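Working notes, beginning with the structure itself.
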Amino acid sequence: MPETMRAIRLTGPVDIDGLTVSDVPIPKVRPGSVRIRVMAFGINESEATSRQGESGPDFSFPRILGIEAVGVVDAVGDGVALRTGQKVATMMGGLGRTIDGSYAEYTVVNAVNVIPFDTHLGWDAVGALPQMLQTAHGSITAGLRLESGQSVLIHGGTSTVGLAAIAIAHQLGATVIATTRNPARSELLTRTGADHALVDDDTLPHAIRNLTPDGLDAALEFVGATALPATLSLVRPGGTVCFVGALSGTWTIPDFDPFAIPTGVRLTSYAGEANDLPSGALDQYLRAIEAGTLNIVIAGAHEGLEKVAEAHRDLESRHQPGKYVIVLPAT
């Protein structure tokens, strides 16, 4: 076993060109932890924020970025039941924020944040999934408790998690209404699983009320906190709105009045953990992706740590909806 690995380790805020590869010590496995040989990882908005030094107080430099990874178990600490060579996914648990993350050949994580899986899908496909599926699955099951036959609005449908939520809600048997601000992306929403693709403009409330005269059963809010009052007004009494993200960057509502929540409408949020995506659920999604019944949108795959900067540029350009993935060469 060599003593060093290749990684992108930042000592402070950098622009995209500062995402350069260097040699760093291979992390040691600890009791209760797992060392993973990273085979692929997705690129996430929060990593761009961290790179710029604009993350919250839970993030600190120096740091190897990367909040998710898929790979194979390289070593296990005392008390861990996983075996070496096993395919696993990981996310959350401070990965890439309070502990070094996945922009590296190896990463060490707490075993409770590791999900074993088996699939014949390529690393490029699997690498797109952990954070995206965890958030979409958790918000639909824990945030909304969505059921087959119910109507659900995915407000901000062309976001990576929004697209995954469309696919999962469709597979669940819900009637899915999804929004985009770009009419050219309506076909992408329907191809992913939306029954109705609506343009997010001044006509949106009227269009939704035409489709659901008695009100929506549920809604996932990805656009922002200030969009919540309008979204809440479209949901029936007894229905639920779950706040998940803020594509607009607005995470709070100034001078929020609780009476802005319509009588009987439930408002929840979702910011869950890795165990919100149990191995059985991940296995079901993998089987569905293999069968072609669950459509996951991958914007592009790049090979090698040297391509991380290019992937960040692609992410920030917003030209292509879907997840960008880095695949590392096998050794």
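Does the stretch 1-147 classify as rounded, prolate or oblate by the C-alpha gyration tensor (a ≥ b ≥ c root eigenvalues; a/c under 1.5 gives rounded; else a/b over b/c gives prolate, otherwise oblate)? Present the calculation step by step, with values, prior to reporting the outcome.
Details: a/c = 1.62, a/b = 1.09, b/c = 1.49.
Judged from the Cα gyration tensor, the stretch 1-147 comes out oblate (a/c at least 1.5, b/c at or above a/b).
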Projected label distance in nm at residue 206 and residue 16, using a 7 Å step from Cα toward the beta-carbon:
4.0 nm
Which whole-number percent is the relative contact order of the chain (Cα, under 8 Å, 6+ apart)?
18 percent
Two decimals, Cα atoms only, Kirkwood Rh: what is Rg/Rh over the stretch 131-269?
0.92
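So what's the projected area for the stretch 205-325, the Cα convex hull averaged over all directions, in nm²?
Numbers: hull surface 43.6 nm².
Average of the hull's projected areas for the stretch 205-325 equals 10.9 nm².
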Give me the angle, in degrees from 0 to 90, between the Cα long axis of helix 160-172 and the longest principal axis of the Cα atoms of the chain, rounded to the nearest 10.
70 degrees
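In debye, nearest 20, what is the charge dipole magnitude of the chain about its Cα centre with +1 on Lys and Arg Cβ and -1 on Asp and Glu Cβ, if you could check?
Working: 23 positive and 35 negative charges, 93 e Å.
Roughly 440 debye for the chain.
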Mean Cβ neighbour count within 10 Å, used as a protection proxy, ranking 149-160, 261-272 highest first:
149-160, 261-272
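For each of 5, 132, count neighbouring Cβ atoms within 10 Å of the residue's Cβ, then give the residues from fewest to most. Let's see the in-between values first.
Values: 5 18, 132 25.
Ascending number of Cβ neighbours within 10 Å: 5, 132.
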Two-decimal ratio, the stretch 3-52, of alpha-carbon radius of gyration to 2.2 N^0.38 Å:
1.34
Given 291, 218, 182, which one lies farthest toward the positive end of the charge dipole of the chain, if we put +1 on the Cβ of every Lys and Arg and -1 on the Cβ of every Asp and Glu?
291
Could you work out which residue, out of 96, 304, 280, moves most in a Gaussian network model of the chain, that is, has the largest mean-square fluctuation with Cα springs under 10 Å?
280
Across the stretch 5-12, in residue order, what do the Karplus-derived ³J(HN,Hα) couplings come to in whole Hz, using 6.51 cos²θ - 1.76 cosθ + 1.60 with θ = phi - 60° and x for Gly and Pro?
9, 8, 7, 10, 10, 9, 9, x
Fraction of alpha-carbon pairs in the chain farther than 33 Å apart, rounded to whole percent, equals 27 percent
DSSP beta bridges in the chain: the antiparallel percent, rounded to 5, is 50 percent
Distance in nm between residue 181 and residue 287 label points, each 7 Å along Cα→Cβ, equals 4.0 nm
Using only Cα atoms, tell me the angle between helix 308-317 and the longest principal axis of the chain; keep it within 0 to 90° and round to the nearest 10.
10 degrees
Distance between modelled label sites at residue 316 and residue 112, nm, 7 Å Cα→Cβ extension:
3.6 nm
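Quick note: the coordinates plus some simple rules give every number you see, no bench work behind them. These numbers were taken from a predicted model, which means no experiment stands behind them. Positions of Cβ are backbone-derived with ideal geometry, glycine not excepted, and every protein chain shown enters the neighbour counts.
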